[in-house]
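Written below as structure tokens is the structure these notes are about.
The values are calculated or read from the model by the stated rules, or taken from the named source; none is laboratory data. All figures in this text were calculated on a predicted structure; none of them were measured in a lab. For neighbour counting, all protein chains shown are included, and Cβ atoms are generated from backbone atoms with ideal geometry for every residue, glycine included. Each accessible area value is taken on the protein alone, full model and side chains, heavy atoms only, with ligands, DNA and RNA left out. Shrake-Rupley method; radii C 1.70, N 1.55, O 1.52, S 1.80 Å.
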Amino acid sequence: LTDRIKFIGVKMFEIYQSSFIGIWVILTTIMIQAMVAIRFHRGQRGGYKPGIIKPELNQSSIVFRSYRTFQNSLENIVPILGMTFLAMFAGYSSFKLAIIIWVYAIARIGHMILYYKISTEKNPSPRSLPWAIGFLAGIYFMVDLGIFLI
């Protein structure tokens, strides 16, 4: 039984290797966002309190934008990650899954870069486009995986 479980694990990794690497990219992006948010948060003038963002901050503050970028990624990773592992265990197409994961990963990186660079209260803004691409990849995944599971 142990050899069979090892074989299944190795086979799953081979089949979904591109998706696993994509997930690693997504999680690494979130870790980088956490480090950037910590750096800017601790560098605030007028005192810094762990875990507390000053309520007067807005989009013009890199402290605010770095915090929101990180929080947005945390909010969005849960459904994608959950559906990804469900898809792998159910035998969903490794090709489709890799495309969805990589579209999502690249969109999240684009969103992060634009959120750091663009200070605006306007909505939608240019940073909305990569966010929407990642969101639509998740919607497509949710529907397609649901159809596959039925």
* **Evaluation of residue 73 against (1) under 16 Å from residue 16 (Cβ atoms); (2) open to solvent by less than 50 Å² (accessible area, probe 1.4 Å); (3) of a type outside the set (A, V, I, L, M, F, W, C) (one fails), failing number** => (1)
* Asked: Could you say which residue among 100, 62, 53, 77 is of a type in the set (A, V, I, L, M, F, W, C) and touching an Asp or Glu at 6+ places or on another chain (Cβ under 9 Å)?
  -> 100
* **Selection count, segment 115-136, where residues are without any contact (Cβ under 8 Å) to a residue 40 or more places away in the chain, open to solvent by less than 20 Å² (accessible area, probe 1.4 Å) and either assigned to a helix (DSSP H, G or I) or among the aliphatic types (A, V, I, L, M) (or both)** => 1
* Structure fact -> Over segment 76-87, the set of residues over 15 Å from residue 144 (Cα atoms) and either exposed (fewer than 12 other Cβ atoms within 10 Å of the Cβ) or of a type in the set (S, T, N, Q) (or both) is 76, 78
* To do: Starting from residues that are free of Cβ contacts under 8 Å to residues at least 24 places away in the same chain and not in a helix (DSSP H, G or I), keep the ones in segment 12-44 and report whichever is surrounded by the fewest Cβ atoms within 10 Å (Cβ to Cβ).
  => 43
* Asked: residue 104 passes all but one of (1) modelled with pLDDT under 95; (2) within 14 Å of the chain's Cα centre (by Cα); (3) of a type in the set (Phe, Trp, Tyr); which number fails?
  -> (1)
* Among the candidates 80, 118, which residue alone is in contact with a Lys or Arg (Cβ under 6 Å, 6 or more places away or on another chain) and either farther than 26 Å from residue 14 by Cβ or at pLDDT 95 or above (or both)? -> 118
* Would you tally the residues in segment 94-114 being out of contact with any Pro (no Cβ under 9 Å at 6 or more places or on another chain) and surrounded by fewer than 14 Cβ atoms within 10 Å (Cβ to Cβ)? => 1
* Structure fact -> Across (1) open to solvent by 50 Å² or more (accessible area, probe 1.4 Å); (2) among the small types (Gly, Ala, Ser); (3) in contact with a helix residue (DSSP H, G or I) (Cβ under 8 Å, 6 or more places away or on another chain), residue 60 clears everything bar (3)
